[in-house]
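Following: one structure in structure tokens, then a few remarks.
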Ligand SMILES: Nc1ncnc2c1ncn2[C@@H]1O[C@H](COP(=O)(O)OP(=O)(O)OP(=O)(O)O)[C@@H](O)[C@H]1O
Ligand SMILES: [Mg+2]
């Protein structure tokens with residue numbers, strides 16, 4: 001496996017008496033695609049919030065490029081967050097801003113690029129996600145698949161080292177969902193960024209993943225290549241997979 005860009009080490013997190021994560025350790029390899037699977041309520045979103053410093057762990061460390069976000073200063077956290085692009089569930093575009101302004105938002109905020117340079121970058125990214133020329137459209141006139149593509153363009157506009165996808169297929173019909181999986185697969189090959197995908201869509205997951213981690217009962221019940229996970233003998237893993245795909249016989 002490649003050198004880890006993110007390391008969760010002995011991470012525990014509870015809310016009151018509810019233990020969500022317990023002594024969890026997970027390495028995210030650089031330049032690869034890691035998919036985090038798990039039933040609802042197992043702490044997938046909590047894991048992501050810990051990673052960007054929106055939540056603090058009770059114990060353990062979370063190293064992003066060697067910086068422990070659990071103990072980082074605000075200035076260090078700002079630097080870490082600049083290296084992370086996020087594609088939120090449901091697209092989360094600003095409805096009052098055009099497509100171009102949505103994609104340009106992080107550039108205006110974090111860089112001093114000229115308007116021409118920003119326009120060129122926006123056009124380049126729209127072409128990359130297969131949506132040339134839609135700069136002036138408003139989010140309300142986009143289909144669900146287009147919204148995801150625009151969100152993806154915005155997530156990578158700062159050339160982040162790491163991109164987090166929260167349920168990139170949610171709310172999409174199967175055909176559009178396959179198109180988004182194909183786009184993520186292409187982006188992965190083209191950009192060489194580290195992708196972390198939170199997903200319930202197991203079939204699409206196996207097509208793009210280099211590594212799969214499955215959360216269950218506060219820890220990882222599976223952590224390996226898609227092939228290793230597919231052949232897991234853990235009953236919970238097999239039941240989770242079986243609902244969505246034909247499993248090979250043991
Ligand atoms: N801020 C919080 N305060 C209290 N409990 C929380 C908080 N955030 C998350 N939880 C609890 O932690 C558990 C894990 O939540 P999380 O949102 O990470 O699940 P998930 O795996 O992302 O689920 P889903 O697949 O439904 O999105 C849940 O029981 C949730 O109620
Ligand atoms: Mg969640």
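The values are calculated or read from the model by the stated rules, or taken from the named source; none is laboratory data. Note that the coordinates shown come from a computational prediction; the quantities given were computed from them, not determined experimentally. A quick note on method: Cβ atoms are made from the backbone with ideal geometry, for glycine too, and the neighbour counts reach across all protein chains shown.
Is it the case, given these coordinates, that residue 39 is touching a strand residue (DSSP E or B) at 6+ places or on another chain (Cβ under 8 Å), in the same structural domain as residue 201 (by TED's automatic domain parsing) and surrounded by fewer than 16 Cβ atoms within 10 Å (Cβ to Cβ)?
So residue 39 passes the test.
Of the residues 59, 3, 65, only one is more than 16 Å from ligand 2 (Cβ to nearest atom), surrounded by fewer than 18 Cβ atoms within 10 Å (Cβ to Cβ), over 22 Å from residue 185 (Cα atoms) and modelled with pLDDT under 95; which?
Result of the check over 59, 3, 65: 65.
In the stretch 216-237, what residues are crowded, with 16+ Cβ neighbours inside 10 Å and in a helix (DSSP H, G or I)?
226, 229, 230, 237 - these are the residues of the stretch 216-237 that are crowded, with 16+ Cβ neighbours inside 10 Å and in a helix (DSSP H, G or I).
Which residues, counting only those in the stretch 47-58, are within 9 Å of ligand 1 (Cβ to nearest atom) and over 13 Å from the mean Cα position of the chain (by Cα)?
First pass over the stretch 47-58, keeping only residues within 9 Å of ligand 1 (Cβ to nearest atom): 47-49, 55.
Passing the criteria: only 55.
Given the options 170, 140, 151, name the one that is within 16 Å of residue 196 (Cα to Cα), assigned by TED's automatic domain parsing to the domain that holds residue 106 and in contact (Cβ under 8 Å) with a residue 12 or more places away in the chain.
151
How many of the residues making up the stretch 62-73 are assigned to a strand (DSSP E or B) and over 17 Å from residue 218 (Cβ atoms)?
So the answer is 4.
Would you say residue 194 is within 13 Å of the chain's Cα centre (by Cα) and more than 23 Å from residue 10 (Cα to Cα)?
Answer is no for this residue.
Please specify each residue of the stretch 79-104 satisfying the condition of being within 15 Å of residue 125 (Cα to Cα) and not in a helix (DSSP H, G or I).
We begin by selecting, within the stretch 79-104, every residue within 15 Å of residue 125 (Cα to Cα); these are 85, 87, 98-104.
Residues satisfying the conditions are 85, 87, 98.
Looking only at the stretch 10-50, count every residue that is part of a loop (DSSP other than H, G, I, E, B) and within 16 Å of ligand 2 (Cβ to nearest atom) and tell me the total.
Qualifying residue count for the region: 6.
Could you check residue 76 against (1) assigned to a helix (DSSP H, G or I); (2) farther than 24 Å from residue 186 by Cβ; (3) not assigned by TED's automatic domain parsing to the domain that holds residue 218 and say which number it fails?
(3)
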